[in-house]
Amino acid sequence: MAIRIAIAGCGGMATGHLNAYLRIHSIEPGKAELAAMCDPVRAGAERFAQTAKEATGKEPNVYEDIDQMLEKEDLDGIDICSPHGYHHVNAVKALNAGVNVMVEKPIGVTVKATHAIIEAAARNKKIAATAEQIRREPSRRASKWLIDKGMIGEPRIFFSQQASWQAHSPDDPWRWRYDLNLGGGGMVMDSGAHYADTIRYLFGDPETVYARVEQIEDRKVNKDGKRLQSAHEDTWTATINFKSGVIGHWANAYSAPGHSFKNVVYYGSEGALVDGGDIFHGPFPNAKVVLKDGTEIPMAQIVQEYKASLSEEETARLFPHGIEDGVTLECYDFVDAIENNRPPEIPAELGLRAKAICEAIYESAAIGEVVQFEDVVSGKIETYQRPINRHWGLR
C-alpha cells in the first residue's frame, strides 16, 4: 500500500514539495500517494490537486481546514508548508491525530514551539521530521566527508560574509513573513535555517554565540493597501564558538550600497574549502579546496571521490534511485521512514538544534551579551522570543 500523504500549505516552497512527490511517483509509482491538499486559500489547494491529477491520474481531496482534513482523511503523513507561526499548530494537531509529519524549516516559529512538536511526536509515538534539503545534496555531503577525512587538516575557523544593497519595494512579495508572530524573524532564521543546519552538520554544536542584529534602513511594506513596518533585520554579524573549538564568523548586510561582495571560506590547519556561493545554501558545486602548497582540487573531483567511497548500501540510502535533488530526497526520506517505521534522517530534535543557532543570534542581540547555546536550546533564554511565545500561548 502506498503511503498516503497530504500537503498542508499550498504556496511558495510547497510547490517544490509537490514536484518532489510527483517525481517520486514517476520513479517508484507505488511508494506514495498524494491523498489531500489543504490551504485556507482554496484556490491554491485546488491548483495543487489538479497538478497531481494530471501527473498521477488521481485527484487529491481539497480542504481549507486542517481539522476537517484530519477528521475525514486516513493519512499516513502530512507535509507541513504553512507560514512558520502555524508550523507547531498544524504539526501538533496532526500528531495528536496519529499522523506523522514533516515540517518545513524553520521547524517551529520559536524554540518553545519546536519543543511542542517534539513532545507531541514522542507522546503519540509518531515521526516528526525537519524538511531540510541543503545538506542532502552531493557537494554538501562531500564537504562533510572531506572535512572528516582531514583534507584541509583540523578545522579552525570560517568566514561567511556577504554585503549588498537591497532596495525595498513597498509591494514586496514576502507578505506574512514581515510579521514576527508569523515569520519569527528575518533572513537570520528564514534562509538562515539552512546555513545553521549546514554549520552544525560540518562542525557540531556551538558553545556560545555573540551577535548584533540591526534594521538600519527604515523598511515599510504594503499589506492589503496599508503601509506597515517590516520586522526584518537587514544587517547582522555573529561570532559562533563551537564545542569542537572551531570559530565561526557569519555576517550579512543588505544595507551596504556602492560595493557588493561575498566571502565564504572554511579554514583548516592544512588548507581551506573556498565556496563561491551565497551565505545560506552552500557549499556549492563550484567550491574548491586550496591546500597550503597552492594545490587546488575542484569540488566536482571531490564529489566523485566521495561517491566512490560509498558502499552500495550507503549510496542507496543517501541517493535512492540516483536522486540528488535535496527536496526530492527529503520527501523520499519522510515517506520511506513512515513505510519502514524508522527515524527520519533529520528529526525535529536536529531541526531544533539548527534553529537554536538562529535564535541564539537574535537572543544575544536582544540582551547585548554572549549566550550559551544550550540555554537557548532548552528555552531558558527567550528575551527575543517571549512576545512571539505569548502570542501563540506557549509557556
dims of segment 325-395, Cα set, principal axes, largest to smallest, nearest Å -> 45, 26, 19
Protection proxy ranking of 156-165, 304-313 - average other beta-carbon atoms within 10 Å, highest first: 156-165, 304-313
Residue by residue, what Karplus-based ³J(HN,Hα) values in Hz, rounded to whole numbers, does segment 272-278 have, using 6.51, -1.76 and 1.60 with θ = phi - 60° and x for Gly and Pro? 9, 9, 9, 9, x, x, 8
The farthest towards the positive end of the charge dipole of segment 229-319, of the residues I240, L291, Y267, given +1 on Cβ of Lys and Arg and -1 on Cβ of Asp and Glu, is I240
Ranking V111, G85, T56 by how far each Cα lies towards the positive end of the charge dipole of segment 28-129 (+1 on Lys and Arg Cβ, -1 on Asp and Glu Cβ), the top one is V111
Using the structure shown, list the pairs from K144/K355; K58/K93; K53/K105; K288/K380; K105/K380 with a Cα-Cα distance above 29 Å, or answer none. K288/K380
Over the Cα atoms of segment 60-102, what Rg and Dmax result, in angstrom? 9.6, 26
Write down the accessible area per residue of the chain in Å², having rolled a 1.4 Å probe over the full set of protein chains. 42 Å²
Derived scalar couplings ³J(HN,Hα) [segment 383-395; Karplus, 6.51 cos²θ - 1.76 cosθ + 1.60; whole Hz; x for Gly, Pro]: 4, 5, 7, 4, x, 5, 4, 5, 4, 8, x, 9, 10
In Å, the Kirkwood hydrodynamic radius from C-alpha pairs for segment 290-344 sits at 13.3 Å
Mean Kyte-Doolittle of at least 0.5 and a Cα length of 18 Å or more along the axis: which whole DSSP H helices of the chain meet both? 348-367
Dipole magnitude of the chain, debye to nearest 20 (Cβ charges: Lys/Arg +1, Asp/Glu -1, about Cα centre): 480 debye
Using 0.36 nm times the number of residues separating S311 and Q50, minus their current alpha carbon distance, what extension gain do you get? 90.0 nm
As straight-line cross-link partners of K307, the qualifying aspartates and glutamates (C-alpha separation under 13 Å, not fewer than 8 residues apart within one chain) are E137, E324
Out of the DSSP beta bridges found with both residues in the chain, what percent are antiparallel (nearest 5)? 60 percent
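The values are calculated or read from the model by the stated rules, or taken from the named source; none is laboratory data. Since this is a predicted model, take the numbers as computed values, not measurements. Cβ coordinates were reconstructed from backbone atoms using ideal geometry, including for glycine residues, and neighbour counts include every protein chain displayed. Surface accessibility is based on the protein's heavy atoms, side chains included, excluding ligands, DNA and RNA. Shrake-Rupley method; radii C 1.70, N 1.55, O 1.52, S 1.80 Å.
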